[in-house]
Every structure is written in C-alpha cells, then in structure tokens.
Amino acid sequence: MKKITGILAILALVTTAAQASLNLGLSVLFDNNDLGSDVGIAIPKFGWQFTDNMTLNHTLEGELAFLAMDGDKGGADYDGRAIPLMLNYRMDWTPNDVFGLYAGLGAGFSFNDMDKTSGTTASDDGVDFAYQIQLGTALTFAEQYRFNLGYRYLNTGDILMVDGDHNIIDLGFHYEF
C-alpha cells in the first residue's frame, strides 16, 4: 500500500510540473444490448490529461469495465459477461468553469464468456477486439470533481450468436489530481 501511495504521489508531482494532470474515475453503465438491458460498471478509470488548457483538453484513459449480458434470443436463454479493457482518447471542451462537453474514441480487448442455458446448451469464451465511441456532457465542481452523463457505443465482439453491440448510458465521476 505504501508503494502505491508513493507512486501516486510521484505521478501527482510530475503531472503538476508537466502542466498535465492525473485523474481517477468510475462509471455506472446502463447497457442495452442484444439480450436486453443490464447495468454494468467501469472501474477503475485512470486518465492522463496531457494538456492543461482553460477550454480544450486532451486525455488518454485506461478503463476496465464489467458488463453482464443475460436474456432471451430466438427462444433460447443466454447468460454471459463481457469485460472490456480499453485505452481511450477523450477531448473535453469546457467553455466555462462548470459545464462542458466531451467526445472520445477507444480501442482494446474484451474478455467474453457466454452460456446458452436452454435447449441445446453451449458455452464459449474468448478474447475479442473491442472499440467504442463516447459523447456526453460534464459538470465540474471545485475544479477537481467532474460528473458526466453521456452515451457510448461499445462493440465487444460477437460470441455464441449474440451480437456484441452495446448502447450505453454512462453516468460517471472523475477526480483530478
């Protein structure tokens, strides 16, 4: 624990000196996918904002998400999960101190697992290429706290005849060091 605290302290010092910042975030994901609607979570999100501009900033962000997928398709019941590990680029436009807009792109890998639980049972798992597009709004409080509400299209790859398209409403929080 002391090593992690020390590393974070060094990163905070370096980012301050480099006119950049480190941020930590989490999101609750309301996912509508091929099998219906589910709730997921994206935690942790670690970001490196490499510009410190008053209105336009650019951030690289690593993210690990957990998405459940269960429901009925074609008369068969499915139960599965997707765990995408993503590297995202996000552009934040903040015309004033409180309100902002963001857009982003991401690519990575999704660790998928799916079980067909009715009729002829089947099971499959694998690692697939994943990508996403993000758009949304952000509200900033006390310069370091940001809440966001946005939309994501995420593709985690198809598995067992289940489409890997996810339409996600993202409710998130970021803390900037």
Check your understanding: Out of these labelled values of Cα extents along the principal axes in Å, (1) 125, 39, 23; (2) 60, 37, 22; (3) 50, 47, 30, which was calculated from the coordinates shown here?
Key -> (2)
Point to revise | Gain upon complete extension [LEU64, ASP113; 0.36 nm per residue less C-alpha separation] | key: 16.1 nm
Practice item. Just grab the label-to-label distance for LEU149 and ASP128, each label 7 Å out from Cα along the Cβ direction, in nm (one decimal). Key: 3.1 nm
Check your understanding: Once you put a point 7 Å from the Cα of THR51 and another 7 Å from the Cα of ALA142, both along the Cβ direction, what distance in nm separates them?
Key -> 2.8 nm
Study note, to complete from the structure: Total charge of the residues flanking ASP52 in space, meaning their Cβ is under 13 Å from its Cβ, with Lys and Arg +1 and Asp and Glu -1, is -3
Review point. Mean separation of Cα pairs under 8 Å and 6+ residues apart, divided by the residue count of the chain: what relative contact order is that in percent?
Key: 20 percent
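Provide the packing ranking of 64-70, 26-32, i.e. peptides ordered by the mean count of other C-beta atoms within 10 Å per residue, highest first.
Details: 64-70: 19.4, 26-32: 17.3.
Highest mean packing first, the order is 64-70, 26-32.
With r as the distance between the Cβ atoms of THR120 and LEU87 and R0 = 30 Å, compute the FRET efficiency 1/(1 + (r/R0)^6) and round to 0.05.
Details: r = 38 Å, r/R0 = 1.27.
The formula returns an efficiency of 0.20 here.
Each value in this text was obtained by applying a stated rule to the coordinates, not by laboratory testing. Source: prediction; values computed, not measured. In this analysis, Cβ positions are derived from the backbone assuming ideal geometry, glycine residues included, and neighbour counts consider all displayed protein chains.
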